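Scroll down for the structure; my scribbles are underneath it.
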Amino acid sequence: MPVSNIAFANLKAEMARESVSINEIALYLGYNRATVGKKLARESPLSLADAGAIREKFFPNKTLPYLFKEALPEPPNGKAG
């Protein structure tokens with residue numbers, strides 16, 4: 001699965017900057033490459049634990065909301081208060 005199929009834009013960019021492959025992430029998480037590819041393409045669920053492990057191991061200076069912003073709910077359109 002090419003890096004271009006990753007649905008998380010910032011994660012994709014950071015993987016390219018740091019030369020981190022899907023295979024490296026798969027080996028670290030203990031999954032096969034196809035499983036991780038599907039998780040990163042949002043074809044299968046990505047758990048918070050797995051997202052946190054990816055951040056901690058490969059991108060410790062980045063935040064989860066930055067790396068996985070597409071997984072966060074959209075903010076409400078109205079003003080608070």
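The numbers here are math on the coordinates, done by the rules we state, and not lab data. Model, not experiment: these values are computed from the prediction. Backbone-built Cβ (ideal geometry, glycine too); neighbour counts: all protein chains shown.
Does residue 7 satisfy the criteria of being in a helix (DSSP H, G or I), within 13 Å of the chain's Cα centre (by Cα) and among the aliphatic types (A, V, I, L, M)?
Answer is no for this residue.
Every residue in region 42-62 that is more than 11 Å from the chain's Cα centre (by Cα), assigned to a loop (DSSP other than H, G, I, E, B) and farther than 15 Å from residue 7 by Cβ, please.
Correct list: 60, 61, 62.
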